[in-house]
Amino acid sequence: MTDSSTGPVHICLVSDTSLPNLNPALADIGNSDFFPPKRVLLLCDHRHLDQARYLKETLTGHEIVVDIHTIDEGVDPVDISYLIGQISIVFETLSPQEKRSVVLNASGGGKALSMAAVAVFMRNHLPAFLVDTRNDRIVWLNGGDGAPSDIPDNALLEDVLSGNGFKVIAPKPVRHALDKQQMQLGAKMAGNIKKFSPVIGALNGYMSRAKESKGLYRAGPVSHKLMKNPDFMKMVDCFRETGLVEWKKQHLMFRGNEAARFMRGGWFELYGYGVINQLKDDWAEQNYPVQIGDVASGLNIESPTGSRNEIDIAFLCNNRLYLVECKTGYFNPKSHPSGPSSSMLYKLDWLKDLGAPAGKAAIFSYRALPDHDLDRARQMKIDVVAGWPDIMNLRAFLENWIEVPQTS
């Protein structure tokens with residue numbers, strides 16, 4: 001077990017979101033004696049006990065000693081002095097050495113609990129801070145390092161998800177740089193979207209109906225009408241340049257499950273991931289005001305209740321969780337509003353609240369979305385990048401979508 005006597009101790013207040021407690025606990029801030037902690041005490045009411053357990057499991061995975069203390073909030077009206085007494089009992093469980101290295105993260109919990117905890121620390125002349133979630137920085141309420149400090153984005157997506165009870169399951173998500181051919185395909189498909197979007201549905205249809213034998217997929221025969229369509233043939237040539245698909249008479253042939261997934265729409269997901277990854281590298285090189293943290297594509301997750309979903313693209317930036325769903329399929333404008341696209345919207349709406357403050361979600365669609373889906377996305381505060389010319393300007397959208405700190 002990690003020796004907590006050799007480093008600082010954080011007392012954290014647990015609420016609905018984990019990031020305000022998670023990021024500071026994993027932060028390694030230079031020239032600071034308070035980060036990262038060797039031990040964390042999680043204070044929570046009975047309603048947030050499960051959340052505390054999720055957070056404990058995540059932090060323990062980083063070799064941090066974690067204890068959970070439930071706080072009895074008493075009865076209404078709120079009795080601050082009663083809460084101060086409850087927190088003081090927890091404080092007295094610390095050793096004399098730990099009391100000299102303890103710091104309060106007052107970001108979570110209800111207002112009354114936060115006020116009571118700050119009062120205990122001020123009474124004992126000990127440091128306390130809040131996380132300014134919009135600007136991803138630590139603001140000291142008492143003592144500490146004085147000036148606000150930026151919080152390094154050391155958390156992985158797995159940390160954020162597990163801190164809320166979700167598990168990342170096999171297969172492993174994509175985190176590597178894409179090869180040149182994959183990025184060139186995405187760039188060509190985006191650059192020719194006005195010509196290719198009317199014919200990509202036909203390609204998707206052939207790919208989805210491809211028959212497999214010993215790992216070899218045969219799609220077709222492709223109709224004579226499409227064979228004479230210059231836009232369709234040019235689009236197929238773009239895919240052929242990747243080396244994953246080839247013509248055999250009037251059939252399109254590709255081999256292996258990875259190629260099948262790529263041809264059936266995975267290419268667009270990887271293109272979106274690649275654009276974000278390139279933006280991350282560029283911002284790091286430019287020392288941009290915000291830095292993108294962990295980025296991954298194809299995260300398969302399992303909720304605390306056992307239900308499973310896949311997140312096409314996810315990344316962390318500036319104390320926020322960003323989620324993206326990528327689609328190349330066709331959504332019928334005449335379809336019922338509760339049709340196939342509704343599940344995509346509700347999944348994003350459900351998952352984006354894992355961030356702190358509430359995360360942000362977007363749909364990247366190679367083709368235009370029906371008006372009723374656009375209206376529903378707007379109501380759910382889910383951004384949409386769909387069809388021409390939006391996909392051509394994907395990077396510009398990301399540069400505006402990712403929130404930049406409001407203070408210097």
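Here is how the numbers come out for the structure above:
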| item | result |
| --- | --- |
| Listed residue pairs exceeding 31 Å between alpha carbons, taken from Lys188/Lys225; Lys111/Lys381; Lys56/Lys360; Lys172/Lys195 | Lys172/Lys195 |
| Contact order normalised by residue count of the chain, Cα under 8 Å, 6+ apart, percent | 14 |
| Where N is the number of residues in segment 234-297, Cα Rg divided by 2.2 N^0.38 Å | 1.53 |
| Pairwise FRET efficiency - Val139 versus Trp350, Cβ, R0 = 45 Å, nearest 0.05 | 0.90 |
| Diffusion constant of segment 196-325 at 37 °C, which comes from Stokes-Einstein with the Kirkwood Cα-pair radius and 0.692 mPa s, µm²/s | 193 |
| Segment 157-260 shape via C-alpha gyration tensor axes, a/c threshold 1.5 | prolate |
| Theoretical FRET efficiency, 1/(1+(r/R0)^6), r = Cβ-Cβ of Glu63 and Ser307, R0 25 Å, to 0.05 | 0.25 |
| Diffusion constant of segment 15-80 at 20 °C, which comes from Stokes-Einstein with the Kirkwood Cα-pair radius and 1.002 mPa s, µm²/s | 164 |
| Å² of accessible area per residue within the chain, as computed with a 1.4 Å probe and no ligands counted | 47 |
| Accessible carbon and sulfur surface of the chain relative to its total accessible area, %, 1.4 Å | 50 |
| Rounded tilt (10° steps) of 49-60 against the dominant C-alpha axis of the chain | 80 |
| Segment 1-160: antiparallel DSSP beta bridges as a percent of all, rounded to 5 | 30 |
| Rh (Kirkwood; distinct C-alpha pairs) - segment 88-193, Å | 18.0 |
| Cross-link reach list, aspartates and glutamates versus Lys167, counting only Cα pairs under 14 Å and skipping chain neighbours closer than eight places | Glu57, Glu158, Asp159, Glu302, Glu310 |
| The chain, dipole about Cα centre (Lys/Arg Cβ +1, Asp/Glu Cβ -1), debye to the nearest 20 | 2460 |
| Calculated FRET value between Lys111 and Met227, using beta carbons and R₀ = 45 Å, to 0.05 | 0.10 |
| Cα-projected label distance for Arg255 with Gln291, points at 7 Å along beta-carbon direction, nm | 4.3 |
| Residues of type aspartates and glutamates that Lys248 reaches as a straight line, Cα spacing below 19 Å, ignoring anything fewer than 8 places off in the same chain | Glu212, Asp237 |
| C-alpha long axis of helix 267-286 to longest principal axis of the chain, angle in ° | 50 |
| Paramagnetic reach from His176 in segment 266-298 [backbone N under 14 Å; point 7 Å along Cα→Cβ] | 297 |
| Label-point separation, Ile80 to Arg378 (7 Å along Cα→Cβ), nm | 4.5 |
| Helix-only mean residue ellipticity at 222 nm for the chain, each DSSP H run of n ≥ 4 adding -39500 (n - 2.57), per residue, nearest 500 | -10500 deg cm²/dmol |
| Options (1) 37, 24, 21; (2) 49, 20, 19; (3) 29, 25, 23 - which one matches semi-axes √(5λ) of the Cα gyration tensor in Å as calculated here | (2) |
| Positive minus negative residues near Asn318 (Lys, Arg vs Asp, Glu; Cβ under 14 Å) | -2 |
| Degrees separating the helix 111-123 axis from the principal Cα axis of the chain, which is the longest one | 50 |
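The values are calculated or read from the model by the stated rules, or taken from the named source; none is laboratory data. Predicted, not measured: the structure shown is a model, and the values here were computed from it. Counting neighbours? That spans all protein chains shown, and the Cβs are built from the backbone with ideal geometry, glycine included. Note: accessible area is taken over every heavy atom of the protein model, side chains too, but ligands, DNA and RNA are not part of it. Shrake-Rupley method; radii C 1.70, N 1.55, O 1.52, S 1.80 Å.
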